[in-house]
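Below is one structure, written out as structure tokens; comments come after it.
The values are calculated or read from the model by the stated rules, or taken from the named source; none is laboratory data. Quick caveat: nothing in here was measured; it's all calculated off a predicted structure. A quick note on method: Cβ atoms are made from the backbone with ideal geometry, for glycine too, and the neighbour counts reach across all protein chains shown. Accessible surface is based on the protein model in full, side chains and every heavy atom, while ligands, DNA and RNA are left aside. Shrake-Rupley method; radii C 1.70, N 1.55, O 1.52, S 1.80 Å.
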Amino acid sequence: MAPAASFLQPCRGKKDDSSSTTPESLFHPVPIKPTPDDINIGAELTGSSIQKKDLLKILNSFVQKTEIKKLAEQYGLDSYLQGQAFTSFRQYCFETQTLPVDLHIVLSDILQGAGNITDIFPYFIRHAKQIFPHIDCLDDLKKISDLRNPAGWYPLARAKNRKIVFHAGPTNSGKTHHALERFITAKSGVYCAPLKLLVAEVFNKCNQRGTPCDLLTGEERTFAKNPDNPADHLSCSVEMVNLQNNYEVAVIDEIQLTRDSYRGWAWTRALLGIPADEIHLCGEAAAIELVKAICITTGENVEVRRYKRLTSLEIEKEALGSLTHVRAGDCIVCFSKADIFTVSRSLESRGIETAVIYGSLPPGTKLAQAAKFNDPKNTCKVLVATNAIGMGLNLHIRRIVFYSLIQPTINEKGEKEMEVLSVSSALQIAGRAGRYGTVWSTGYVTTFKNEDLPTLRNLLSQTPEVITQAGLHPTADQIELYAYHLPNSPLSNLMDIFVSLCTVDNSLYFMCTLTDFKFLADMIQHVPLPLRARYVFCCAPINKKSPYVCTMFLKFARQYSKNDAITFNWLCQHIGWPFQLPKTILDLVHLEAVFDVLDLYLWLSYRFVDLFPDAKMVRDVQKELDALIATGIVKLTTLLMNSDEGGENDSFELQTQKQKFYRSSESSGKRSIGKGKLTERLLAQGLLTPQMLRELQFEWTQTTKKKK
């Protein structure tokens, strides 16, 4: 018998839907072409053909009948679908040279007064079912998309009496350390992380402690022993955890990310589905009540262990005000590349060497920059970074300086918005100062602008908003069943229909945003792919803002559809290999995009081994590229200066086609800063700001004077 707690079920029902889109509007009619027939059997049997004007009169009268509309509703045709079905049926009857025999006879009887106009209905509904195949399977579709009991999807986990331990605390409280100690000393275990850097850190720590541990991410597999003899411990990205493997201990890090509108489903899946004797959750206390409520549905209890910050964190009384006040151990946090470049240039112009970390840098480059900043013997004492430092990197930061508190976010519709930093993000980033075990026993935090300091004080005085819902996502099996019932619907449309028809327990769950998935589905809709392969391609983690990456994604899909292997030689023709050191900022941005393409290749190579056969060579090339990007970041100021000296070629496509970075040997002389096409483009892309231009002009003037 299940524990009493399992009978306390929260209210269940249809998900909240603020969208104006109705399910019916998502069903598109399937075109029905008339079947040509030289012999009009209906006319021969009735002794007469039907005139178009008589046919129009009958059909118009049929459409206007109230009883016909009510009857159509009983078959699942609301007013919206009825309008489309009536129009399609009328068009079909008019364009068909030879009507079906039975329909011709019924229409003829009506014209002769021997039949009733309602006799047309069976033929109308037959046509409606042809153009809207969902009518016959709507109940099946709703059953497939019934997501009210996700706990029941994982029988292996339900068969165990799992112990759930929630390690709750702020950044730098030791919560993950305690969970990992249990993981390392267990007979077997799996660690699930949100970032590849964290996966690699635990992989290295575990092996260094003498516990063999394998590594698994979407793009990489590394074995402590060998592929034929996997270790009992695994460090993996949360999306990659195998729910068929039994473990003694599972650690799910950053459990509060179950609220994430894009990736939250992966944490929900891991929490509900990992068949381990012990599940250790690490994260913000804001997720405790949600985890408890979810575990009620699984009949499991939650043990909460709370942790306090190990070092003190102080908010300074004054803002930084000027970059001249920067000290050793400072980290200036920006929320855009443009601000990163502005701040790092300004600091280096003052003779202050900086390390730079932002999200689109390769993992190796981030680690190299972090090591440079952390090394007490290195002359680099200041870090300029985005919120990428919020998790995944061990940094010896004395003080966090928020350059701004405005952060770009993506709303539920996939649109970019500028909002004040959330309480959760502010606490996590500020908490990186004064890490336990470093030379800084106390962490400090402030803002760059005076007007932002009261806002920061307010943010850090709050606790993160309680998390009330965990994300869900349709599986490949569910979409495959939808496609079986609706074979003519595009994948993007299937996802829309699924979301529209699905039933979710909205007291605990929400449906994750599918905008990225649908974006990729629409991009490759014209490419002939099996449904399962199409679904996998659309799950690929790519930067849809990069036209170059999107173009390569499309080329990969086309090659796959032709069953042509995407070899290393083929890839070299499209990525500009061999690479050269970046000479300008646009060179650097392009190399980052190429790195993303190589990541995409590796991700696909583990899912389609036969057609992406050269993963080892691609990984070697990626390491080479990582080193080049790391070198470029070190020389960031030089790249910015070179960008406006007139030697930059505008076409990256041309570089790629010629398999090398081509730069024009012709130059019309040096241009003054701020007047070239490149400058306009950098400003438009947000890579350059007016402040940066002024600093460039100043430095250029100083350099020119020295040369003279």
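In the set (1) in contact (Cβ under 8 Å) with a residue 40 or more places away in the chain; (2) in a helix (DSSP H, G or I); (3) closer than 28 Å to Asn149 by Cα; (4) not β-branched (Val, Ile, Thr), the condition left unmet by Gly471 is number (2).
Residue-level analysis places Ile105 outside the set of residues that are over 30 Å from Ala286 (Cα atoms) and open to solvent by less than 40 Å² (accessible area, probe 1.4 Å). Among residues of region 325-384 being among the basic types (Lys, Arg) and farther than 18 Å from Ala433 by Cβ, the one that is most open to solvent (accessible area, probe 1.4 Å) is Lys377.
Going through region 211-240 one residue at a time, which ones are in a loop (DSSP other than H, G, I, E, B), open to solvent by 30 Å² or more (accessible area, probe 1.4 Å) and touching a residue at least 24 places away in the same chain (Cβ under 8 Å)? Answer for region 211-240, where residues must be in a loop (DSSP other than H, G, I, E, B), open to solvent by 30 Å² or more (accessible area, probe 1.4 Å) and touching a residue at least 24 places away in the same chain (Cβ under 8 Å): Glu220, Asp232. Scanning region 201-210 for residues that are out of contact with any helix residue (DSSP H, G or I) (no Cβ under 9 Å at 6 or more places or on another chain), in contact (Cβ under 8 Å) with a residue 24 or more places away in the chain and of a type outside the set (D, E, K, R) yields one hit, Phe203.
Residues checked against (1) buried (at least 17 other Cβ atoms within 10 Å of the Cβ); (2) of a type in the set (Val, Ile, Thr); (3) not in a loop (DSSP other than H, G, I, E, B):
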site: Tyr560; (1), (2), (3): yes, no, yes
site: Asn563; (1), (2), (3): no, no, no
site: Leu571; (1), (2), (3): yes, no, yes
site: Trp577; (1), (2), (3): yes, no, no
site: Gln580; (1), (2), (3): no, no, no
site: Leu586; (1), (2), (3): yes, no, yes
site: Val589; (1), (2), (3): yes, yes, yes
site: Leu598; (1), (2), (3): yes, no, yes
site: Leu602; (1), (2), (3): yes, no, yes
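May I ask you to say which residue of Lys555, Lys616, Lys583, Lys562 is outside the structural domain of Thr342 (by the TED database) and within 30 Å of Arg345 (Cα to Cα)? Show your work before the answer.
Working: Lys555 fails: within 30 Å of Arg345 (Cα to Cα); Lys616 fails: within 30 Å of Arg345 (Cα to Cα); Lys562 fails: within 30 Å of Arg345 (Cα to Cα).
After ruling out the rest, the residue left standing is Lys583.
The number of residues in region 362-393 that are in contact with a Lys or Arg (Cβ under 7 Å, 6 or more places away or on another chain) and in a loop (DSSP other than H, G, I, E, B) comes to 3.
For region 597-619, how many residues are hydrophobic (A, V, I, L, M, F, W, C) and within 16 Å of Trp577 (Cβ to Cβ)?
First, the residues of region 597-619 that are hydrophobic (A, V, I, L, M, F, W, C): 597-598, 600, 602-604, 608-609, 611-612, 615, 617-618.
Narrowing further to those that are within 16 Å of Trp577 (Cβ to Cβ): 597-598, 600, 602, 615, 617-618.
Count: 7.
Per-residue answers, yes or no, for (1) touching a Phe, Trp or Tyr at 6+ places or on another chain (Cβ under 9 Å); (2) under 21 Å from Thr258 (Cβ atoms); (3) surrounded by fewer than 17 Cβ atoms within 10 Å (Cβ to Cβ); (4) modelled with pLDDT of 90 or more:
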position	(1), (2), (3), (4)
Leu472	yes, yes, no, yes
Leu508	no, yes, no, yes
Thr513	yes, yes, no, yes
Phe519	no, no, yes, yes
Ile524	yes, no, no, yes
Arg534	no, no, no, yes
Ala540	yes, no, no, yes
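For (1) closer than 30 Å to Asn450 by Cα; (2) in contact with a helix residue (DSSP H, G or I) (Cβ under 7 Å, 6 or more places away or on another chain); (3) not assigned by the TED database to the domain that holds Thr176, each residue gets a yes or a no:
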{"residue": "Ala287", "(1), (2), (3)": "no, yes, no"}
{"residue": "Lys292", "(1), (2), (3)": "no, no, no"}
{"residue": "Cys295", "(1), (2), (3)": "no, no, no"}
{"residue": "Gly299", "(1), (2), (3)": "no, yes, no"}
{"residue": "Val302", "(1), (2), (3)": "no, yes, no"}
{"residue": "Glu316", "(1), (2), (3)": "yes, no, yes"}
{"residue": "Ala319", "(1), (2), (3)": "yes, yes, yes"}
{"residue": "His325", "(1), (2), (3)": "yes, no, yes"}
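Contact map, region 175-200: first residue more than 21 Å from Phe223 (Cα to Cα), second residue surrounded by 24 or more Cβ atoms within 10 Å (Cβ to Cβ) and acidic (Asp, Glu), Cβ cut-off under 9 Å, separation 6 or more or different chains; pairs are Thr176/Asp253; Thr176/Glu254; Ala179/Asp253. Of the residues making up region 420-457, those that are under 22 Å from Ala371 (Cβ atoms) and in a strand (DSSP E or B) number 2.
On the basis of being in contact with a Leu (Cβ under 7 Å, 6 or more places away or on another chain) and either closer than 30 Å to Ile467 by Cα or surrounded by fewer than 20 Cβ atoms within 10 Å (Cβ to Cβ) (or both), does Leu257 make the cut? If you could, list the steps in order and put the result at the bottom.
Values: in contact with a Leu (Cβ under 7 Å, 6 or more places away or on another chain): no; either closer than 30 Å to Ile467 by Cα or surrounded by fewer than 20 Cβ atoms within 10 Å (Cβ to Cβ) (or both): yes.
No.
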